[in-house]
Structures are given as structure tokens and as C-alpha cells.
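Here is the structure we will look at, set down as C-alpha cells.
Where a number appears in this text, it was derived from the coordinates with a stated rule and is not lab data. Quick caveat: nothing in here was measured; it's all calculated off a predicted structure. All Cβ positions, even for glycine, are placed from backbone atoms using ideal geometry, and neighbour counts span all protein chains on display.
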Amino acid sequence: MPTPKAIEEREASWATDIPKDESGLWDWLSGLDDASRSSLLAHCVSYGVNALHEKVDRYGGSGMSAYGLRQRLAQVDRLARAVNLDMVEAGWRPTVDNYLDRVTKTRILEAVREAKGESSAQLIDHMKKTDMAKEAERLLDGTGWLPEPLRLTEPTFESAGGESSAESLPDFLADDEDEAGDGSDDEQPHTVAAE
């Protein structure tokens with residue numbers, strides 16, 4: 001994952017390559033190979049992508065609205081899927097500084113439980129948070145575990161036989177008979193978790 005220093009260096013590199021004279025800019029762009037043009041586009045787009053989960057302003061002030069946050073994160077998710085972003089491959093790993101010290105002890109234990117199993121979680125469940133976070137970092141190292149917001153999983157559908165299949169239809173669509181609704185199909189509101 002690029003550090004701020006690496007981003008600054010990339011910016012400086014492009015700044016020295018791009019012609020200062022606007023009249024030569026289009027010729028320069030046209031002369032770039034596809035890989036260089038894509039790299040420049042990715043660099044420019046990266047300044048407009050904000051995947052930060054911010055606190056929403058519940059009272060309608062000048063902060064981020066819940067709707068705005070949902071829309072922004074949906075676009076980030078769509079972009080991540082389009083480029084097949086893999087945060088583990090990009091070098092992200094849970095550390096005390098970037099994740100474990102910022103979440104509750106319960107979340108730390110859930111992470112260790114998911115990645116290493118119940119027995120590993122029980123090894124640290126009695127510790128104070130600071131020590132728990134340090135030990136969790138050691139336990140999670142090399143496992144490829146990611147917190148849910150960083151995971152990129154495609155939805156899968158279960159067929160009647162229990163096998164995952166994109167082509168099979170859900171039971172309610174495959175059924176030929178129209179059944180009278182009992183009201184259980186009414187649309188339920190989406191739940192939003194607050195932290």
C-alpha cells in the first residue's frame with residue numbers, strides 16, 4: 001500500500017514528465033503507451049477517491065450525511081470490485097497502529113477467532129486491551145485476515161441442492177404456483193449499525 005511519501009514521489013515524477021507548455025500536452029498524452037496512460041489516470045483518480053468511513057452528522061449540520069456516506073462508500077466498493085482490489089495483496093495487515101488499538105476488545109477477539117480459531121482467542125481474552133492488541137497483531141500476522149470493510153467478496157447464491165450457482169433460480173422464482181402472500185414478504189427497512 002503506498003505511503004504518503006510514495007504518493008508524493010509519484011506526484012513529483014509525473015510533474016517532471018508532464019510538459020509545462022499546454023500546447024504540447026495533448027501530443028505528449030497521445031504519445032504515452034497504454035500502461036503509462038493508465039498509470040497517469042489511476043494517479044489522478046486516486047486523489048478523488050475517499051474510502052474513509054466518517055462519523056455522520058445526525059442533526060443535519062454541515063458534516064457528512066448518512067446518505068452521502070452510503071453513496072460514497074458504494075462508489076468506492078464498485079471501483080474496488082472493478083479493479084479486483086485485494087487489500088492483502090496490496091500489503092495491508094492488521095496492526096496495533098492501524099486497526100487493533102482503534103477497536104474494542106470484543107472486535108479484537110472476533111478477529112483472532114475468525115483467523116486462528118477459538119483456542120487462540122482464549123489465549124488472549126483475559127489480557128488488558130494494550131497487551132491484547134499487541135498479541136493479536138502477532139497472532140494475525142500472515143493470516144490474510146481483513147476487517148469487514150476491507151473485504152471484497154462477491155455475493156453467492158445457494159441452489160436448492162446446496163451448491164453455489166449463479167445460473168440457478170431461487171425457489172420463489174422457480175415455483176410455478178402463485179401462492180397468496182401472508183404479508184411476510186413485505187419490504188423490511190435496512191438496518192444501520194452504529195459504532
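Some points to look at:
- Rounded is the label for segment 96-149, because a/c, from the alpha-carbon gyration tensor with a ≥ b ≥ c as root eigenvalues, stays below 1.5.
- Note on residue 92 and residue 16: their simple-model spin labels are 3.1 nm apart, each label 7 Å out from Cα toward Cβ.
- Peptide ranges 130-143, 81-94 listed from the most packed, as the mean C-beta count within 10 angstrom indicates: 130-143, 81-94
- Estimated from the Cβ-Cβ distance and a Förster radius of 30 angstrom, the FRET efficiency linking residue 131 and residue 71 is about 0.15.
- Pairwise FRET efficiency - residue 107 versus residue 46, Cβ, R0 = 30 Å, nearest 0.05: 0.55
- Within the straight-line cut-off of under 18 Å between alpha carbons, the lysines reachable from residue 129 are 105, sequence neighbours fewer than 8 places apart in one chain being disregarded.
- Kirkwood radius for segment 1-51, taken over all pairs of different Cα atoms as the inverse mean of 1/r, rounds to 12.1 Å.
- Per residue, the average separation of C-alpha pairs within less than 8 Å and at least 6 apart gives segment 1-123 a relative contact order of 14 percent.
- For segment 22-53, applying the loop criterion from DSSP together with a ceiling of 13 other beta carbons within 10 Å to the chymotrypsin sites (Phe, Trp or Tyr not before Pro) yields 47.
- Maximal additional length on extending the residue 152-residue 118 stretch stands at 9.8 nm, based on 0.36 nm per residue less the C-alpha distance.
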